[in-house]
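Here, each number is a calculation from the coordinates, and none is a lab measurement. The structure presented is a predicted model; accordingly, all values stated were derived computationally and were not measured. Methodologically, a virtual Cβ is constructed for each residue, glycine included, from the backbone with ideal geometry; neighbour enumeration extends over all protein chains shown.
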Amino acid sequence: MIIDRIENASHYYALGSGIAEALEYVKNNNLSTTALGNYEIKAGKVRMIVNEYEQKCTDRITLEAHRKNIDVQYWVNGSELMGYAPLQSQSLLEPFDEEKDFGNYAAIASFSKLEPGMFAIYFPTDLHTAIADIECNSKVRKIVFKVAIE
């Protein structure tokens, strides 16, 4: 897992061309006006999902992981607490969904606050989740890039 501000993005380009492409896309585009939805940035390599939602407070926390993709997440508006735990021997709560590249795990996480202008990179060995920051029902606009593992 990596957490940083977008102005430091170039430090992470060596992690792979897909990660570099996602971070460059953030730096070179006004994502506050991009319509909600899914976009193919580089066919078969980098897909962008533009999300906007109201956070909900919950006392049930599960963490997700992916096997085929790296998540590069960028906060445009709003903030969230992002949970992280290294994937080790935690139990899957239901069978891994290969089609959606999604597994839901029970785990104890440590949390970091992510705010506008910040990004996080989650590798397949990183369990992660988002929970509401201080205020429940606050609005978040977040961009998630799905970067195919090279």
- Using a basic spin-label model with each label point 7 Å from the Cα along Cα→Cβ, how many nm lie between Gln90 and Ile108? 1.3
- Message: On the principal axes of its Cα set, how long, how wide and how thick is the range 2-148? Give whole Å, largest value first.
- Response: 38, 33, 27
- Query: Amide H of Asn77: which non-local residues (sequence gap of 5 or more, or other chain) have their own amide H closer than 5 Å, using H built in the peptide plane?
  - Reply: Arg141
- Report ³J(HN,Hα) in whole Hz for each residue of the range 5-15, in order, from the Karplus equation J = 6.51 cos²θ - 1.76 cosθ + 1.60 where θ = phi - 60°; Gly and Pro get x. 9, 4, 5, 9, 4, 4, 5, 10, 4, 5, 6
- Note on the structure: By the mean-Cβ-within-10 Å protection proxy, highest first, 13-21, 91-99, 125-133 rank as 125-133, 13-21, 91-99
- Task: Between Asp59 and Ser32, with labels modelled 7 Å along Cα→Cβ, what's the label distance in nm to one decimal, could you check?
- Result: 3.8
- Item | Anisotropy class of the range 106-150 from Cα gyration tensor, a/c 1.5 cut | oblate
- Message: Contact order normalised by length for the chain, with contacts defined as Cα pairs under 8 Å and 6 or more residues apart; what percent is it?
- Response: 37
- Note on the structure: Using the Kirkwood formula on alpha carbons, the hydrodynamic radius of the range 1-62 in angstrom works out to 13.8
